[in-house]
Each structure stands twice: as structure tokens, then as C-alpha cells.
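Trainee: Below is the structure I would like to discuss, written out as C-alpha cells.
The values are calculated or read from the model by the stated rules, or taken from the named source; none is laboratory data. What you see is a predicted model, and the numbers here were worked out from it, not measured in a lab. Quick reminder, even Gly has a Cβ in these numbers, built from the backbone with ideal geometry, and neighbours come from all protein chains shown. Only protein heavy atoms, including side chains, enter the accessible area calculation; ligands, DNA and RNA are left aside. Shrake-Rupley method; radii C 1.70, N 1.55, O 1.52, S 1.80 Å.
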Amino acid sequence: MASASAAVALEAVSKWYDNVPAIQDATLEVMPGEFMVLLGPSGCGKTTLLRLIAGLENPSQGVIRIGGRVVNDVDPKDRDVAMVFQSYALYPHMTVRRNIEFPLRSRHVPEQERNRLVEEVAGSLQLEKLLGRKPAQLSGGQRQRVALARAIVRRPLAFLMDEPLSNLDAQLRIEMRAELVELHAKLGITIIYVTHDQVEATTMGNRIAVIEGGRIQQVGTPQDIYQRPVNAFVAGFVGNPPMNIIEAKVELSGDVVNASFQGASFQLPADLATLLRKKEVSSVLVGVRPQDVSIVKEDTVGMGQLRAKVSLVESVGSVYRIICRLDGGGFVTVDAYRDKREIRTGDMVELSITGDMHLFDAASGERLEP
Amino acid sequence: MWRPTERTGDMVGYGDGSGGIDVAGGAGSVGSAGTGSGVVSAGSLDGTGRGLPPGRSGQLNAGAGRKKTRRYATNGARYIVLAGLAVIVGFPIYITVVNSLLSSRQIAARPPVLFPLHPLWGDFSAAFSQAHLGLYLRNSFIVTILIMIAEIITSVLAGYAFAYLKFPFRRLLFMACIATMMVPMEATIVPNRQTIVALGWFNSFPALIVPFLASGVGIFLFRQAFMGVPKDLHDAAKLDGYGHWHFLTRIVVPLNRPLIAAFALYAFMSAWNQYLWPLIVTDTNSVRTVQIGMAELENVSVNHFNLIFAGTLEAALPIFILLIVFQRQLVRGLSAGALKG
Ligand SMILES: Nc1ncnc2c1ncn2[C@@H]1O[C@H](COP(=O)(O)OP(=O)(O)OP(=O)(O)O)[C@@H](O)[C@H]1O
Ligand SMILES: [Mg+2]
């Protein structure tokens, strides 16, 4: 069923640890040259999925293909994948040169060839001057690059990276992010990249697989995932700050469909109204991104208002991030561009939804779509 | 005279910190990494304990000057106590050296002669020739070096197996290994001797060597240390194309070199200083070791104390040399315990 051209393909892969499922029914195809990001909260199974691909764990069920070949019973070393560990996993007693050439030695690459490859990789990662040092004598960023070099030098079919930037400081992380993206473009390599940082995911990935509770929730381009999250989890997880999600009752009255929430109620746009009539759901999760909410003083023409009290105003670069407590409980985040009006903590305001609304079934969390 | 059990007792004491943790970790059947970090934290806890002696925090509001004076005073007191202990430990050694250079009559003199004004160097060669010391030393070297090498090899291999491999009865077997450290040698010496006799090994090198080819202490020590090797290194090695053997020889062993050196020294000393066992499984000079030679020296040269002292020094010399040469590794190995990623 998987297309033969995929660099790495998972077909209904599951992994249990002593009857506890870590990965359930994961199906994923990573195309050659693709930068695929596995994104999800801590403990969702990202590392496990990566280790399954690397062969460091065996799947309880399902098929794993690398380069079209079923590798379920193939040793890690013969899978033609290289891994970059979060801890870098450099061999502390070996010099940088020895570290980089270590995977070549086991494959009996002749010395001349080995030196050439090491020098080439070291050159492209600015490590030439560090070849004689031990890992302890390197900075975090340099160690990171050595770990990358050790993976690249083998020219594997796919690179597996487990939160490779999470041990770096913010500045360096941004630099390395750019460096990785460049490297990916330059070498045309396939990368499967694990992170829990959605900014990393959206800026680096060609596609993102969002994982939660051991299940792949959605696979798509960053735009796909941002614009059409398939369920409430993805909606709330991707996007910074996260999407506001409010549970509301559906009220049909004549031509109009209202979503009512703790006394407040607002009218839904026509397309969503039609959708809800058809689906016959009584309760929905309404998702709105912070920039799609605005603060109004009086009742204006919008689709209905929610009364709220400002509980925090943060200035984030060019926007004000205003966190409001709704009258009926729960918080809503609003991103407002520098406004004519000063808004202060404690002010009573009315919120109006001015942009896209996402609807999810309150029971299943699934996106409601025509 | 030193006996194996005493030495074993020492090592149990050393291993205890990490051992306690391991048993707890093992009971919950945590993976190797979990227990490994347990070892590391045992080390750091220990460090913290030493870094903050009790009472320090109570001085917070004392003036800075007074605090300093107080610290000098505490340090001074410590040095005095340590110097006292050093004298107590060092004095017998000093007396042995002095006596080996005196004549028998001077040794017997009261008050004792504390400095050899006219050292007699001849006693050293006399001890050598009169008490077959050369032969005994040779035997001791053969036995000791073989035991040391074998103990290192078996301990490293078994330690690795217990740390990294999954096999049936692993916990049980490991417990059995630890249990051997608890049983004093005196308890097993008689049945062991019978076994040796039954094997027809009485009066032979195998009798002196074979029972010591493996070491519970060593297995325990290396297992704990190897479990402290970060799991990611193992995984990285797997992906880099290395199996267990190469992971052991190229990564685990090099990383634990200080500890292995320390253990080698310990194994050497234990084997070199053996007395009771060689005594009961040999009765001819040709295979007897230097410690027994010492005892014999006492018998043959009752009136020549100087010879006994000179011989004693000669028998202990290899240990002295080893200690001096490997002092740094020994300290590093014993304090390193587990290494950090
Ligand atoms: N060896 C193991 N034995 C038992 N359970 C495990 C094992 N490894 C992982 N798990 C469990 O599987 C789940 C997924 O773990 P995994 O390490 O893949 O999470 P993760 O997404 O990488 O999280 P993080 O972002 O914190 O690294 C967790 O609930 C974890 O407790
Ligand atoms: Mg992880």
C-alpha cells in the first residue's frame, strides 16, 4: 500500500512496553529529500517512533520500510540511517576526528578515503580546526556540529534527529536551525526531526506529523496544520500562542445558529451554521486564534460578544497579548496590534470574533467539516 | 598478616553507596539507564556531603573575619589529627626500614636505635639467598600476575554481561556474585582445599591460581561503572556499526580505564598478600609464594631479626613500587566510581 518511492515508510506500526502502548497504529511516509518533523508534547512517543525507525526498538506490530526495503528484522547498523542524539552521544575519550570517522571504521572504509570524507564533512560544518580536540573541550554548538558530522559522513539514506537543538541556548538554537535547513537544502538529504517545539517544527519542516498519546494525529505542511487542524488537540498545540478553544452549546433558532456559552451567545457564520445543522451536534468546541479575536468596547455589528475582564497585558514585540477571563470562566488570549486605546489589567471588555473560526465536535474533538 | 577477608570488607564498604541504590533500582526493574544515573547521583550526593560539613550553615551571621579565622582553626586541627594518624601508620614502616639496616644486637638494644648511623646493606642479599627469596618472589609474581590478568578479564566481561545483556536468571546470578563477597574465605577454605586435592592440584600453580580467576568484587564494581555509561553511547555505537564486543573494547573499557587500573592494583595486592590459602595447598618450596617464605624466614633466622626485616621489605617492595607508580590512577579510579556523560 505504501508507495515504493518513500525513503522511510511506517505501516500501522505499534509499540507496547509491557502492555503500555507507546506508539499506536502509526502510518507515515517520508519522501526522499523531505524534512519531516515529528511534533508533540513530552511523552507522546516521538523518541520511540524514531528509535523504531533506527532499529533500536522493535515494533510490536506493523511494517517499517527504509528505501523500499522491509527492515523489521534488520540490525540498526544495516538500516542505512544515522541518528543525532539529544545528548549528542559523542564518545568522550575520542578526538573529534575519531568521533566522526568512527562509523566509517566499522565499515572498513580505507584510510585515505576515510580522511577525505572526514575532511570534507569537517569543512562543510566548520570543524577543521577542532579535529584534534576531545568533546569536553568543545562548546555546545560545536558538539552539536560534531554529532551532525558523524551522521553526515556516512551519507545515509535518512537522518534521524532527536531534539538535537534542545541543549543549546536560544541564540545558538536559531543559528543552528538555519544551518540545518541550509544543510538539508544543500545535501538534499532526508531528515526526520523530533521536537516538542512548534516554532522549530513550523520553521524547519516541509511537513509535520503531530503526535499525541502515541498516535499520529495529523500529517501535513505547516500551513495545512495551522489552517486546518484535524482535531482540537492539534489546534491547541500548534500555534503560538495557542488557539483559544471554548466549549459551547449549539442552539438552532430559525435561520440562525448560535453558539451559546455560559449565558453569552454568538451567531455562527452561515457556512458553519449549515454544517452544524447537517451534523446534528449539540455541543462544539469553538477554536479561534488569538489574532482572530478583537476587543471592542460597545456592542458592534460582529457575530456576538463575549464579556470578559482583562487579567494580563503582555507586550510581545509588535503586539499586545491580552489575556482575558471570560465572564463564564475560562481564559481567552487576544493578540492586538498596538492600539489607539490603552487596555489595562482589570478593565471590562467585550470580545468579538473577527476572523476564522474552527469547530470541533465536543465529544470526539474531531474537526467538523462539510 | 593481612587476609583476604579483611580486604574484601574494605571493598564492600566502598561499593556500598552505589550498591544500595542499585538494589532499589533493580527491584523496580528500571532499565540500565535508570540504574546508571542512580550511580551517578550516589556519587554526587557523596560529594555534597563532603562539601558542606555540618555546622557550616550555622555560621551564616558570624562576621566574615571570624568565619575565616574559624576556618583556619578547623583546618589546622584537621591537619594535626591527620599528621598524627600519618605518624601512627608510618612509624612501623619506618622502624622496619631502620631495623633492616641494623645488626641483630642493635635491634635488640634498649632504648631502640631510631636512626642507622652505620647501615648494613648486606642483609638484603642475605635474606635473598638464605631464605630462597628469589624463588618465592618468582612464584609470587607468576601467581599474582596471572590472577590479576584473569580477574580483570573475567570481571570486565561479567560486569558487561550483567550491565548490558539480557539473559535468564540474570538477577539471581548477579546476587550470587555479590553473595560471594559476603562469605569470608575462612568459611570455604576447607572444602576448597578438598576440591583442590581431589583434582590432584595439591602443590601446583593451578591450586594457587584457579580459585581466584574471578572476583565478585570486580564483577560488582564493573557492572556498576558500566551501567553509568550513558545509554545513548551504546545506541550511537549500534548505529555506527559496532556490536557488543567492539562497544566493550572501544568505548566501555577506555572510558573506565582509571577504574580498571585501580582494580588491577587491588587485585595485585590481594593476590600478592595471600597467605593462608597458599599455605594449606602447598608444602614444597618450588611453588610456595613470598608471604610463606617470610614466615619461614622467621623460623630459620630466629636470631637474625635484621634478616627478617630486610626480607619483609623485599617482599613488600613490588607493592610499594606499584602504589607509587599508579597512585594517581588509584585515587582517580576509586573516586571516579561512575563517569559522567
Ligand atoms: N523503555 C521503555 N520502557 C517503558 N516505557 C517506555 C520506554 N520508553 C518510553 N516509554 C514510554 O513511552 C512513552 C513515550 O516515550 P518517548 O520517550 O517516546 O516520549 P517522547 O515523545 O520522546 O517524550 P520527550 O519529549 O519527553 O522526549 C512514554 O510514556 C514513556 O514513559
Ligand atoms: Mg524524547
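Each row is one residue, and each column tells you yes or no for (1) modelled with pLDDT under 80; (2) open to solvent by 50 Å² or more (accessible area, probe 1.4 Å); (3) assigned by TED's automatic domain parsing to the domain that holds residue A:229.
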{"residue": "A:257", "(1), (2), (3)": "no, no, no"}
{"residue": "A:275", "(1), (2), (3)": "no, no, no"}
{"residue": "A:283", "(1), (2), (3)": "no, no, no"}
{"residue": "A:288", "(1), (2), (3)": "no, no, no"}
{"residue": "A:308", "(1), (2), (3)": "no, no, no"}
{"residue": "A:337", "(1), (2), (3)": "yes, yes, no"}
{"residue": "A:350", "(1), (2), (3)": "no, no, no"}
{"residue": "A:354", "(1), (2), (3)": "no, yes, no"}
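Trainee: Keeping to the range A:154-202, report how many residues are within 14 Å of chain B (Cβ to nearest Cβ), open to solvent by 10 Å² or more (accessible area, probe 1.4 Å), away from ligand 2 (no atom under 15 Å from the Cβ) and touching a helix residue (DSSP H, G or I) at 6+ places or on another chain (Cβ under 6 Å).
Mentor: Number of matching residues: 1.
Trainee: Taking the range B:86-131 on its own, how many of its residues are among the aliphatic types (A, V, I, L, M) and assigned to a helix (DSSP H, G or I)?
Mentor: Keep residues of the range B:86-131 that are among the aliphatic types (A, V, I, L, M), which gives B:86-89, B:93, B:95, B:97-98, B:101-102, B:107-109, B:113-114, B:117, B:120, B:126-127, B:131.
Filter once more, so that each one left must be assigned to a helix (DSSP H, G or I): B:86-89, B:93, B:95, B:97-98, B:107-108, B:126-127.
Going through the range B:86-131 one residue at a time, the tally reaches 12.
Trainee: Further question on the same structure: Being within 13 Å of ligand 1 (Cβ to nearest atom), out of contact with any helix residue (DSSP H, G or I) (no Cβ under 8 Å at 6 or more places or on another chain) and under 18 Å from residue A:201 (Cβ atoms) is the filter here, so list the residues in the range A:5-47 that pass it.
Mentor: Passing the criteria: A:42, A:43, A:44, A:45, A:46, A:47.
Trainee: When you scan the range A:70-82, do you find a residue that is more than 16 Å from ligand 1 (Cβ to nearest atom) and closer than 13 Å to residue A:161 by Cα, even just one?
Mentor: Yes - at least one qualifying residue is present in the range A:70-82.
Trainee: Residues B:299, B:273: which one is among the polar types (S, T, N, Q), more than 15 Å from the chain's Cα centre (by Cα) and closer than 25 Å to residue B:132 by Cα?
Mentor: Details: B:273 fails: more than 15 Å from the chain's Cα centre (by Cα).
The conditions single out B:299.
Trainee: Which condition number does residue B:197 fail, the rest of (1) under 28 Å from residue A:93 (Cβ atoms); (2) aliphatic (A, V, I, L, M); (3) more than 14 Å from chain A (Cβ to nearest Cβ) being met?
Mentor: Going through (1) under 28 Å from residue A:93 (Cβ atoms); (2) aliphatic (A, V, I, L, M); (3) more than 14 Å from chain A (Cβ to nearest Cβ) one by one, residue B:197 breaks only (1).
Trainee: Then there's this: Can you work out which of the residues in the range A:25-56 that are of a type in the set (A, V, I, L, M) and within 14 Å of chain B (Cβ to nearest Cβ) is surrounded by the fewest Cβ atoms within 10 Å (Cβ to Cβ)? Outline the logic, then answer.
Mentor: Taking the range A:25-56 first, the residues of a type in the set (A, V, I, L, M) are A:26, A:28, A:30-31, A:36-39, A:49-50, A:52-54, A:56.
Adding the requirement that they be within 14 Å of chain B (Cβ to nearest Cβ) leaves A:50, A:52-54, A:56.
On the way: A:50: 22, A:52: 24, A:53: 28, A:54: 23, A:56: 20.
Residue satisfying both the conditions and the ranking: A:56.
Trainee: Scan A:64, A:100 and give me the residue that is more than 8 Å from chain B (Cβ to nearest Cβ), under 21 Å from residue B:229 (Cα atoms) and open to solvent by less than 50 Å² (accessible area, probe 1.4 Å).
Mentor: Unique residue meeting the criteria: A:100.
Trainee: Checking the structure you have, find out if any residue of the range A:220-240 is out of contact with any strand residue (DSSP E or B) (no Cβ under 6 Å at 6 or more places or on another chain), more than 26 Å from residue A:334 (Cα to Cα) and basic (Lys, Arg).
Mentor: The answer is no; no qualifying residue exists.
Trainee: Moving on to the next point. When you go through A:12, A:82, A:6, A:22 one by one, which is the residue that is of a type in the set (Gly, Ala, Ser) and surrounded by fewer than 19 Cβ atoms within 10 Å (Cβ to Cβ)? Even if it seems obvious, please write down each step before you answer.
Mentor: Details: A:82 fails: surrounded by fewer than 19 Cβ atoms within 10 Å (Cβ to Cβ); A:6 fails: surrounded by fewer than 19 Cβ atoms within 10 Å (Cβ to Cβ); A:22 fails: surrounded by fewer than 19 Cβ atoms within 10 Å (Cβ to Cβ).
Residue meeting the stated conditions: A:12.
Trainee: While we're here: Farther than 30 Å from residue A:215 by Cβ and either assigned by TED's automatic domain parsing to the domain that holds residue A:216 or within 13 Å of ligand 2 (Cβ to nearest atom) (or both), is that true of residue A:39?
Mentor: Working: farther than 30 Å from residue A:215 by Cβ: no; either assigned by TED's automatic domain parsing to the domain that holds residue A:216 or within 13 Å of ligand 2 (Cβ to nearest atom) (or both): yes.
Considered against the rule, which asks whether it is farther than 30 Å from residue A:215 by Cβ and either assigned by TED's automatic domain parsing to the domain that holds residue A:216 or within 13 Å of ligand 2 (Cβ to nearest atom) (or both), residue A:39 comes out as no.
Trainee: Could you check how many residues of the range B:226-245 are in a helix (DSSP H, G or I), within 14 Å of another protein chain (Cβ to nearest Cβ) and touching a residue at least 12 places away in the same chain (Cβ under 8 Å)?
Mentor: Start the filter on the range B:226-245 by keeping residues that are in a helix (DSSP H, G or I), which leaves B:226-227, B:231-239, B:244-245.
So of that shortlist, the ones also within 14 Å of another protein chain (Cβ to nearest Cβ) come out as B:231-239, B:244-245.
Next cut, touching a residue at least 12 places away in the same chain (Cβ under 8 Å) only: B:231-234, B:237, B:244.
Within the range B:226-245, residues that are in a helix (DSSP H, G or I), within 14 Å of another protein chain (Cβ to nearest Cβ) and touching a residue at least 12 places away in the same chain (Cβ under 8 Å) number 6.
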